[in-house]
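The values are calculated or read from the model by the stated rules, or taken from the named source; none is laboratory data. None of the values given here were measured: they were computed from a predicted structure. Virtual Cβ from ideal backbone geometry, glycine too; neighbours counted across all protein chains shown.
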Number of protein chains: 2
Amino acid sequence: MALPQALENYRKQYRKIKLFQDVASVLHWDSEVMMPEEGREYRSAQIAAVAELTHDWMTDKSFLNHIQTAKQSISELPESVRSLWNRELEVLMEEKEKADKLPSEFVSEFAKVTNLAHAEWAEAKKVKDFQSFSKRLEELVQLSKKQADYFGYTTEPYDALLDSYEKGAKANQIQILFSDLKESLVPIVATAPKFKNPFPRSISVEKQKKFCNRLPALLGLTTKESRLDTSNHPFSTSLGKGDKRITTRYSETDPLSSIFGVLHETGHSLYESGLSSMPDWPTPITEFLSLGIHESQSRLWENQVGRSLPFWEFVYPILLSDFGLIEKDLPFKELYQFINSTEKTKVRVEADQVTYNLHIILRFEIERDLINGNIQVKDLPEIWNTKMKESFGLKIENDAEGVLQDIHWSMGAFGYFPTYTLGNIFSSQLFKKFSEEFPNSHNKFSANGDFSDLLNWLRKNIHSKGKIYDVDTLMQQATGESPNAKHLISYLNGKIKEITT
Amino acid sequence: MALPQALENYRKQYRKIKLFQDVASVLHWDSEVMMPEEGREYRSAQIAAVAELTHDWMTDKSFLNHIQTAKQSISELPESVRSLWNRELEVLMEEKEKADKLPSEFVSEFAKVTNLAHAEWAEAKKVKDFQSFSKRLEELVQLSKKQADYFGYTTEPYDALLDSYEKGAKANQIQILFSDLKESLVPIVATAPKFKNPFPRSISVEKQKKFCNRLPALLGLTTKESRLDTSNHPFSTSLGKGDKRITTRYSETDPLSSIFGVLHETGHSLYESGLSSMPDWPTPITEFLSLGIHESQSRLWENQVGRSLPFWEFVYPILLSDFGLIEKDLPFKELYQFINSTEKTKVRVEADQVTYNLHIILRFEIERDLINGNIQVKDLPEIWNTKMKESFGLKIENDAEGVLQDIHWSMGAFGYFPTYTLGNIFSSQLFKKFSEEFPNSHNKFSANGDFSDLLNWLRKNIHSKGKIYDVDTLMQQATGESPNAKHLISYLNGKIKEITT
């Protein structure tokens, strides 16, 4: 059946906005991965101009008219599809109302400042000097507070920012969840064993690339629709249908770092690839549901799969061959134990799956205080270092391994960090359910490197659902339970048991 | 002195258009060099949408109002700068009037079809089958004829297209110039010697890359403002201030091909880099003057420099080292003669500097007939092959080495080819004059690899002039003569003499 004209009209306008949002993603990917350094200023202006344009279109009265007319014409549709259309317009209006609250100049300013800040953060990190970045960070904090004011909030400014990444989440609820989690984690961290790096020598970037380049396709993301590159900080982005980009970084002395970067980012891109395959893509429904759900997909492939015995049983001989090693150089058991080793580290992205959540909790507490005005930018290094001492017992030697280590604040992404731990919680819950439904699938992982059961299960239960349901309903439908941390705790406990016996 | 507000207003609108035209260049570069294949359809839609947007802005009434108000306010400026402002608005209006003549839907359609055609051309070339591309090419010819009709012409449709690449050029004048040139070339081709490939073995892509990556910086284009990549067909593009991209392609059995690709594209990018350094960039004046002038810059570095004795005296030891060869493997004299060898070949981009222009003349004749409706797309392979037999005495075995070899028609770029030979003519004339003014500079080339005299001379005489003058005036001012082919003929004659003694 042909759609009523009003629905076509509204979708046409929506697709145009989406098309240009994806143009901005191309500009951004290129600036991180390819662009020569002197191109930055002009590129910042381009990214800001595209952001301003899409914001103008999103907040344009004609678009609201299209949406309202579309809403009315839903009654002409068969009853069976009406609720889906109502949901589509509802999630769009949620996004649009946020956009409506931000003046166009603010959006442009924010895009421009974050693009400049990124280069300055990278430079400050390189020279290990927080002071050279603190003025720009102060500007970003002020802009973010202003943004929170524009959005509005009932309890605290931080909630307004958090909501952009995890719809409906509230800081005080997260605080409770995180406190409980921390309490369960403490005894696990205390008993979790540390194993030493079993690599007999450093591994060249070239050899690592050979192995890493196999991984996306192994999990189900082919080079026909994706590519893998190198950047300072691993990331993934969807540039449109049939075009997912992932990056990692290489350390010759820590060759697992690049591998887990690829597994993580592939997980993100598999989700985006599934979303792009939804009917009528792109619509407001075919967007990712929340960052917590997005992160659950990356964590699932990185941890539940990527640190599992079946996965390593399959890839171990390939890794040996690509790395030019023999079994004696790198015994399987030592490698597998090291992959699941627990150690308090200073740097979040090097953290193991047990201590990782403690890093997140630390960041959540700091950024919440920062946005709510309880602490000052200038005091950040001291606050950071003190908390690291308290939570990890570690002494931070310089800002590069301390407060400057993460890219997020330089992007103005305050409220983003908690979604990582939400992702860990969701991923454990999802993988548990999958394993119950497909108890024999792990044999296919180890024997054939065949992960299709898992990918198909995620496609069916998560990727193809887009924004049709809220997070709670989605998790309920997929697993029969509301989101809860018990599966994460039980997964981590099981893992410790597995590698110590 | 601050500019009158009307001039600021008009320039602001201009810069916005330019900013988005450069966004389209990013999208295009990425699609040629980086994009996974399944991204093509969506990317085509993006490129078309940006083209439509900038076309809308260019043809918008408000822009015309800005220009007209700006024109009036020029009288408020000091007399000394008035003529430059008048010229700026004049060249803009020339461009704008062309844009005004094309309906927005046509521009979008043209961009979309050419983007699709590119992939189909590449595939057809790969499988050596013209028929699989002929329907799309027919569509492009029809669109181009329609474009010629929109632009308007007095003598023949082809002139309307030619004018887009070489302002004011006329096919019948080019026909006369090319006939004369052909006449002079015939005896040169007859006496020019062919030398055999002196490489003792194939050279890996990796080794070639090592050498090629040195070349842009050697000529004056640093990695701070540029990057070199690989694509099917070498090209260069400016993505904005401080961001020039060049590509080449690698053949293990023909290691000079990648080198001359890089030299050629570096020449283009040096011109663009100089234009970006003009005061107040970007304005309509800071654009390249014509494709003939653009090509003169690439040809000059590729041929006058890149096939010269001083250049090779400097790079020879570096090449040996990078390629893992010793002098005995690749004697200097044999290499240098081969670089300047003349041989009738089937493929334009593999042609030497003597026969190259015969390839252009052939294409000019065919595309002129095609656009003027004297020949049909379906007959192209036969026409092509017959002409190759006549002009070169060569038998074309398949379409990949015949009518499908060039990218241009798949881009809808009819009228582009003649600018290559115009570029050869201009480059010889410019280099002759430079050599007269800096007779000792060639020693700096060979002793130190120092090409700064030449780059500075080109910056001063060509790059910093943008569109201030027309081609004839620019060449007059730089060389004291109107453009003429006698320096090209004399250069080629001198070269033959040099390598045969």
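With the requirement that a residue be under 23 Å from the mean Cα position of the chain (by Cα) and buried (at least 20 other Cβ atoms within 10 Å of the Cβ), what does segment A:114-140 give you?
Of all residues in segment A:114-140, those under 23 Å from the mean Cα position of the chain (by Cα) come to A:114-122, A:125, A:137, A:140.
Those that are under 23 Å from the mean Cα position of the chain (by Cα) and buried (at least 20 other Cβ atoms within 10 Å of the Cβ): A:Thr114, A:Asn115, A:Ala117, A:His118, A:Trp121, A:Lys125, A:Leu137, A:Leu140.
Within the option set A:Glu295, A:Glu313, A:Glu287, being at pLDDT 95 or above, over 26 Å from A:Gly415 (Cα atoms) and not small (Gly, Ala, Ser) holds for one residue only, A:Glu313.
Yes/no per residue for (1) touching a Pro at 6+ places or on another chain (Cβ under 6 Å); (2) at pLDDT 95 or above; (3) under 27 Å from A:Trp281 (Cβ atoms); (4) not charged (D, E, K, R):
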| position | (1), (2), (3), (4) |
| --- | --- |
| A:His442 | yes, no, no, yes |
| A:Arg459 | no, yes, yes, no |
| A:His463 | no, yes, yes, yes |
| A:Ile468 | no, yes, yes, yes |
| A:Gln476 | no, yes, yes, yes |
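Applying the set (1) more than 19 Å from A:Pro103 (Cβ to Cβ); (2) at the interface with chain B (Cβ under 7 Å from one of its Cβ atoms); (3) buried (at least 17 other Cβ atoms within 10 Å of the Cβ) to A:Ala45 leaves exactly one unmet item: (1).
Taken over segment B:444-457, the criterion of being in a helix (DSSP H, G or I), in contact (Cβ under 8 Å) with a residue 60 or more places away in the chain and farther than 30 Å from B:Asp280 by Cβ is satisfied by B:Phe445, B:Ser446, B:Ala447, B:Asn448.
Is segment A:6-25 home to any residue that is under 29 Å from A:Leu140 (Cβ atoms), within 13 Å of chain B (Cβ to nearest Cβ) and in contact with a strand residue (DSSP E or B) (Cβ under 9 Å, 6 or more places away or on another chain)? Spell out how you get there, then give the answer.
Taking segment A:6-25 as the starting set, the residues that turn out to be under 29 Å from A:Leu140 (Cβ atoms) are A:17-25.
Of the ones still in play, those that are also within 13 Å of chain B (Cβ to nearest Cβ) are A:17-25.
Next cut, in contact with a strand residue (DSSP E or B) (Cβ under 9 Å, 6 or more places away or on another chain) only: A:22, A:25.
Checking segment A:6-25: at least one residue is under 29 Å from A:Leu140 (Cβ atoms), within 13 Å of chain B (Cβ to nearest Cβ) and in contact with a strand residue (DSSP E or B) (Cβ under 9 Å, 6 or more places away or on another chain).
When segment A:478-492 is filtered for residues that are modelled with pLDDT of 95 or more and surrounded by 16 or more Cβ atoms within 10 Å (Cβ to Cβ), the ones remaining, listed by number, are A:Ala478, A:Thr479, A:His487, A:Leu488, A:Ile489, A:Tyr491, A:Leu492. The residues of segment A:313-336 that are without any contact (Cβ under 8 Å) to a residue 60 or more places away in the chain and under 27 Å from A:Ser441 (Cα atoms), listed by number, are A:Tyr316, A:Pro317, A:Leu320, A:Ser321, A:Glu327, A:Phe332, A:Lys333. Looking for something among the aromatic types (Phe, Trp, Tyr) and closer than 30 Å to A:Leu92 by Cβ - is there at least one such residue anywhere in segment A:258-265? No; the residues of segment A:258-265 include none that is among the aromatic types (Phe, Trp, Tyr) and closer than 30 Å to A:Leu92 by Cβ.
Restricting to segment A:254-278, give me the number of residues that are in a loop (DSSP other than H, G, I, E, B) and either at pLDDT 95 or above or not assigned by TED's automatic domain parsing to the domain that holds A:Leu319 (or both). Can you show your working first?
Just the residues of segment A:254-278 that are in a loop (DSSP other than H, G, I, E, B), to begin with: A:254, A:277-278.
Retained after the next criterion (residues that are either at pLDDT 95 or above or not assigned by TED's automatic domain parsing to the domain that holds A:Leu319 (or both)): A:277-278.
Counting residues in segment A:254-278 that are in a loop (DSSP other than H, G, I, E, B) and either at pLDDT 95 or above or not assigned by TED's automatic domain parsing to the domain that holds A:Leu319 (or both) gives 2.
Pick from segment A:249-268 the residues that are polar (S, T, N, Q) and touching a residue at least 40 places away in the same chain (Cβ under 8 Å): which of them is nearest to the other protein chains (Cβ to nearest Cβ)? Among those that are polar (S, T, N, Q) and touching a residue at least 40 places away in the same chain (Cβ under 8 Å), it is A:Thr266. If you filter segment A:211-245 down to residues that are closer than 12 Å to A:Ser273 by Cα and among the hydrophobic types (A, V, I, L, M, F, W, C), you find that the one that is surrounded by the most Cβ atoms within 10 Å (Cβ to Cβ) is A:Leu239. The set of residues from segment B:150-176 being within 22 Å of the chain's Cα centre (by Cα) and of a type in the set (D, E, K, R) comprises B:Asp159, B:Asp163, B:Glu166, B:Lys167, B:Lys170. The residue pairs whose first member lies in segment A:234-246 and is under 11 Å from A:Trp29 (Cβ atoms), whose second member is assigned to a loop (DSSP other than H, G, I, E, B) and acidic (Asp, Glu), and whose beta carbons are closer than 8 Å, counting only pairs six or more residues apart or on different chains, are A:Asp243/A:Glu225; A:Lys244/A:Glu225. Residues in segment B:229-248 that are away from every other protein chain (no Cβ under 12 Å) and among the hydrophobic types (A, V, I, L, M, F, W, C): 1 in all.
Does segment B:65-75 contain at least one residue that is surrounded by 17 or more Cβ atoms within 10 Å (Cβ to Cβ), modelled with pLDDT of 95 or more, within 14 Å of another protein chain (Cβ to nearest Cβ) and touching a Phe, Trp or Tyr at 6+ places or on another chain (Cβ under 9 Å)? Within segment B:65-75, not a single residue is surrounded by 17 or more Cβ atoms within 10 Å (Cβ to Cβ), modelled with pLDDT of 95 or more, within 14 Å of another protein chain (Cβ to nearest Cβ) and touching a Phe, Trp or Tyr at 6+ places or on another chain (Cβ under 9 Å). Which of the residues that make up segment A:1-25 are part of a helix (DSSP H, G or I) and over 25 Å from A:Glu272 (Cα atoms)? Listed by number, the residues that qualify are A:Gln5, A:Ala6, A:Asn9. Please determine whether any residue of segment B:192-202 is at pLDDT 95 or above, within 14 Å of another protein chain (Cβ to nearest Cβ) and more than 24 Å from B:Leu492 (Cβ to Cβ). Checked against the condition, which is being at pLDDT 95 or above, within 14 Å of another protein chain (Cβ to nearest Cβ) and more than 24 Å from B:Leu492 (Cβ to Cβ), segment B:192-202 yields no hits at all. Being free of Cβ contacts under 8 Å to residues at least 40 places away in the same chain and either under 22 Å from A:Asp352 (Cβ atoms) or outside the structural domain of A:Leu275 (by TED's automatic domain parsing) (or both) is a description that applies to A:Glu183.
Scanning segment A:424-433 finds no residues that are out of contact with any Phe, Trp or Tyr (no Cβ under 9 Å at 6 or more places or on another chain) and assigned to a loop (DSSP other than H, G, I, E, B). When we screen A:Leu362, A:Leu319, A:Leu394 for residues that are out of contact with any strand residue (DSSP E or B) (no Cβ under 9 Å at 6 or more places or on another chain), within 20 Å of A:Ile203 (Cβ to Cβ) and aliphatic (A, V, I, L, M), the only hit is A:Leu319.
For segment A:458-471, the set of residues classified as assigned to a helix (DSSP H, G or I) and in contact (Cβ under 8 Å) with a residue 40 or more places away in the chain consists of A:Leu458, A:Arg459, A:His463, A:Ser464, A:Lys465, A:Val471, listed by residue number. Screening B:His28 against (1) over 22 Å from A:Thr230 (Cα atoms); (2) assigned to a helix (DSSP H, G or I) leaves a single unmet condition, (1).
Yes/no per residue for (1) buried (at least 19 other Cβ atoms within 10 Å of the Cβ); (2) within 30 Å of B:Glu313 (Cα to Cα):
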{"site": "B:Arg348", "(1), (2)": "no, yes"}
{"site": "B:Val354", "(1), (2)": "yes, yes"}
{"site": "B:Asn372", "(1), (2)": "no, no"}
{"site": "B:Ile375", "(1), (2)": "no, no"}
{"site": "B:Lys378", "(1), (2)": "no, no"}
{"site": "B:Asp406", "(1), (2)": "yes, no"}
{"site": "B:Thr419", "(1), (2)": "yes, no"}
{"site": "B:Gln429", "(1), (2)": "yes, yes"}
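Among the conditions (1) part of a helix (DSSP H, G or I); (2) touching a residue at least 60 places away in the same chain (Cβ under 8 Å); (3) crowded, with 18+ Cβ neighbours inside 10 Å; (4) not aromatic (Phe, Trp, Tyr), A:Arg307 misses just one, which is (1). Against the list (1) touching a helix residue (DSSP H, G or I) at 6+ places or on another chain (Cβ under 7 Å); (2) farther than 30 Å from B:Trp384 by Cβ; (3) part of a helix (DSSP H, G or I), the condition B:Lys333 fails is (1).
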